[in-house]
Amino acid sequence: MDSLALIESFGDFKDEKNIDRITLMAILEESLTSVLKKKFGSEDNFDIIVNPDKGDLQIWRNRIVVADGEVEDENAEIEISQARKIEPDFEVGEEVSEEVLIQNLGRRAILALRQNLISKLTEHDNVQLFDKFKDLVGEMVSAEVHHIRNRHVIVMDDDGNEMILPKEEQIPSDFYRKGDSIKAVVEDVKFRGNKPQIVISRTSPKFLERLFEQEIPEIFDGIITIKKVVRIPGEKAKVAVESYDDRIDPVGACVGMKGSRIHSIVRELQNENIDVVNFTTNQQLYITRALNPAKITRMDINDEAKSVKVYLKPEEVSRAIGKSGYNIRLASRLTEYDIDVFRDSPAEEDVELSEFSDEIEPWIIAEFAKIGLDTAKSVLEHDLVDLVGRLDLEEETIREVIQILREEFDE
């Protein structure tokens, strides 16, 4: 194999991996240096000349002329009789430059050269891929499902780059078939061994943010800004938005007429319920908006402790808490305040459950409080069947609590 054939043999690789010729030549020179060092013991006295324009290279070995029989290092020295076969007027002490043909390096050296080249080209490709996707963390990507595993799905983008969608980064109701097209955001890029692993996510708040940018022109243009996104993937999300143009209602612009703009986003997220909230620095108003659709009677804010006590009419409590507590959990995360919900009723008309701690164990009272039932009357307003369905308690335990509370009011 001569130098031209060697370069041409890697031409297809260069085109396939989109490596420019100059970079390829630099990798080739580095690989040759490594092979020469291994074969001759040192590469210091070699000149490698690479011509990327012509697509060829030359290897020259430089040796000092010594008298016959005085060669101590065959790689660095040459006998005068041998030097004069190259050029008849050489003298002792002069330097001889002799071209080394690749085909004369030997089969082992050429094989090592090819392996070294492939290794370095692959390494270059992996570094390029890592750098490309490191810059795309948090950005949207589209890909096609390639393989489905128990704990992750392998997808490929249009350039053939492999990405992983782990189970925990999938929306719970997601279901995939091979060949399906999916959208996600790049969550993380890391080396696994010497190959970059690209992890994508559909549960990240960034994914919902990118969907809003894609579907809402005012957000894409920067007229409306997304201040914060919080999600319980596949169930519910809250998005705080702000408009820089007083003439534009940010919530209305995001939702669209009869929900037309947000519908495609909801569908992409497997019918995840999305509340769009108008951001404000007025914390009381912001908390009120975050707890929508519940109507708040009053609230006590502790800014230092980042906590707030919210008081509502009994019929509004379940709205504030929401299904499985999603509404109040997301409102707390959105506002960054720990929100506690209380019924707003005169003290003489009701009794706090905590006052029954001598008859009802505290952990049972805590279970009732989790669903917003923290007073005697709030519990008695519900029938047994409803309480059994909502509480993680035995039916007999709930019966005993109801009996204790009824006896209080019967007295």
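The values are calculated or read from the model by the stated rules, or taken from the named source; none is laboratory data. All of these numbers come straight from a predicted model, not from anything done at the bench. Neighbour counts run over all protein chains shown; Cβ positions are idealised from the backbone, glycine included. Calculation scope for accessible area: heavy atoms of the full protein, side chains included, ligands and nucleic acids excluded. Shrake-Rupley method; radii C 1.70, N 1.55, O 1.52, S 1.80 Å.
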Quiz item: Cα centroid distance between the stretch 131-184 and the stretch 321-340, in Å?
Solution: 30
Quiz item: Using modelled amide H (1.01 Å from N, peptide plane; none on Pro or chain starts), what sits under 5 Å from the amide H of Val276, excluding residues fewer than 5 places away?
Solution: Val239
Practice problem: Determine the alpha carbon to alpha carbon distance for each of Lys258/Lys323; Lys134/Lys370; Lys134/Lys258; Lys238/Lys306; Lys190/Lys370 and list only those over 30 Å. | Solution: Lys134/Lys370; Lys134/Lys258; Lys190/Lys370
Exercise. Consider all pairwise Cα distances in the chain and report the whole-number % of them above 41 Å.
Key: 48
Self-check item: Cα-based shape type of the stretch 216-265, given that a ≥ b ≥ c are square roots of the gyration tensor eigenvalues and the cut on a/c is 1.5
Solution: oblate
Quiz prompt | Charge-dipole axis of the stretch 295-359 as Lys and Arg at +1 and Asp and Glu at -1 on Cβ define it, positive-most pick from Ile339, Ser324, Ala305 | solution = Ser324
Exercise. May I have the extent of the alpha carbons of the stretch 91-142 along their three principal axes, as whole Å values ordered from largest to smallest?
Key: 69, 27, 11
Exercise. Using the Kirkwood radius over Cα pairs, work out the Stokes-Einstein diffusion coefficient for the stretch 73-116 at 37 °C and 0.692 mPa s, in µm²/s as a whole number.
Key: 264
Quiz item: What whole-number value in Å² describes the accessible area per residue of the stretch 290-345 for a 1.4 Å probe?
Solution: 52
Practice problem: Report the extension gain between Ala67 and His147 in nm, rounded to one decimal, defined as 0.36 nm multiplied by the number of residues separating them, less their alpha carbon distance. | Solution: 21.9 nm
Practice problem: Give the long-range amide H neighbours of Arg261: residues separated by 5 or more places, or on another chain, with amide H under 5 Å away, using H modelled in the peptide plane at 1.01 Å from N. | Solution: Gly256
Quiz item: Ordered by packing density, taken as the mean number of other Cβ atoms within 10 Å over each peptide's residues, highest first, how do 29-40, 121-132 rank?
Solution: 29-40, 121-132
Practice problem: On the protein heavy atoms, probe 1.4 angstrom, tell me the percent of accessible surface of the chain carried by carbon and sulfur. | Solution: 45
Quiz item: Mind checking which helices in the chain clear 15 Å along their axis (Cα) and have mean Kyte-Doolittle hydropathy of 0.0 or more, DSSP H runs only?
Solution: 21-40
Quiz item: So if we plug the beta-carbon distance of Arg267 and Asp386 into 1/(1 + (r/R0)^6) with R0 = 45 Å, what FRET efficiency do we get, rounded to 0.05?
Solution: 0.85
Quiz item: Given the alpha-carbon gyration tensor of the stretch 212-321, what are the semi-axes of its equivalent ellipsoid in whole angstrom, ordered largest first, with each equal to the square root of 5 times an eigenvalue?
Solution: 26, 18, 12
Quiz item: Using alpha-carbon pairs under 8 Å, 6+ residues apart, how would you state the relative contact order of the chain in percent?
Solution: 7
Quiz item: With θ set to phi - 60° and the Karplus curve 6.51 cos²θ - 1.76 cosθ + 1.60, what are the ³J(HN,Hα) couplings of the stretch 220-234 in order, to the nearest whole Hz, using x for Gly and Pro?
Solution: 4, 7, x, 6, 10, 10, 7, 7, 6, 10, 10, 9, 10, x, x
Self-check item: Of Lys178/Lys228; Lys183/Lys228; Lys206/Lys309; Lys195/Lys227; Lys132/Lys206; Lys183/Lys309, those spanning more than 28 Å from alpha-carbon to alpha-carbon
Solution: Lys178/Lys228; Lys206/Lys309; Lys195/Lys227; Lys183/Lys309
Exercise. Report, to two decimal places, the Cα Rg of the stretch 147-190 normalised by 2.2 N^0.38 Å (N = number of residues).
Key: 1.10
Exercise. At a Cα cut-off below 25 Å, give the lysines reachable from Lys38, other chains included and same-chain residues fewer than 8 away excluded.
Key: Lys120
